[in-house]
Amino acid sequence: MPLLDMKAVILSGPNDFKPGWIEKPEITDDEILIQMKSTAICGTDMRILTGKKTKGVRYPSVIGHEICGVICETGKNVHTWAVGDHVAVANVIPCHTCHSCLSGRENACLQRKAIGYEFNGGFAEYVRIPAIAIGNLVKLPEDISFGEGALIEPLACCIRG
């Protein structure tokens, strides 16, 4: 039986979410583990919680994609990031090969994945950053609060929108 050693808000279906215990993520040699410090709640999270957004949503899962934390573990092949780095995460993971990506519009990628939908998100103590998303980390100066860091993604949406 797996060791349920991490607290998280578990989404089991529309309007069915509650705190509970899940397995702490293990990372591969090419991944990063972040200890969560702050996660914002946005309109997309509300649509997921109420069942109005279903594309890419898995049950059970941990949502939350406006996230900020501290790197607490790196895989042995990860050399651009260090334990202790404060980071925010751009949640959308583009394919980098479609027309939208190649024309600089990764936000319009039709094959995109997302942390907080396809990959477990920030309403947990730890978040695994898969190898395909390591380029989505933004290193933050330590004088930026974790709350401010979690708001970088929605601020970027406002600026780019």
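At-a-glance table
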{"item": "Loop sites in segment 1-95: trypsin sites (Lys or Arg not before Pro), DSSP, at most 15 other Cβ within 10 Å", "result": "LYS52, LYS55, ARG58, LYS76"}
{"item": "Spin-label pair GLU148/HIS96, simplified geometry with 7 Å Cα→Cβ offset, distance in nm", "result": "3.1"}
{"item": "Dipole of segment 16-147, positive end: most advanced residue of MET46, ILE129, VAL62 [Cβ charges, Cα centre]", "result": "MET46"}
{"item": "Cα-centre dipole for segment 22-136 with unit charges at Cβ (Lys and Arg positive, Asp and Glu negative), debye to 20", "result": "580"}
{"item": "Per-residue HN-Hα couplings for segment 70-82 [Karplus 6.51, -1.76, 1.60; θ = phi - 60°; Hz; x = Gly/Pro]", "result": "10, 5, 10, 7, 10, x, 5, 8, 8, 10, 9, 10, 10"}
{"item": "Spatially close lysines, pair count over segment 1-159: Cα under 17 Å, gap of eight or more or interchain", "result": "7"}
{"item": "Rule-of-thumb Rg ratio for segment 93-150 [Cα; 2.2 N^0.38 Å; N residues]", "result": "1.31"}
{"item": "Cβ-defined net charge surrounding LYS53, 11 Å radius [Lys, Arg +1; Asp, Glu -1]", "result": "+2"}
{"item": "Backbone N within segment 89-117 under 11 Å of label point (7 Å from VAL138 Cα along the Cβ vector)", "result": "89-91"}
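Read-outs: derived from the displayed coordinates by stated rules, not from any lab. Computed from a predicted model, the values in this text were never measured in an experiment. Glycine gets a Cβ as well: all are built from the backbone with ideal geometry, and neighbour counts include every protein chain shown.
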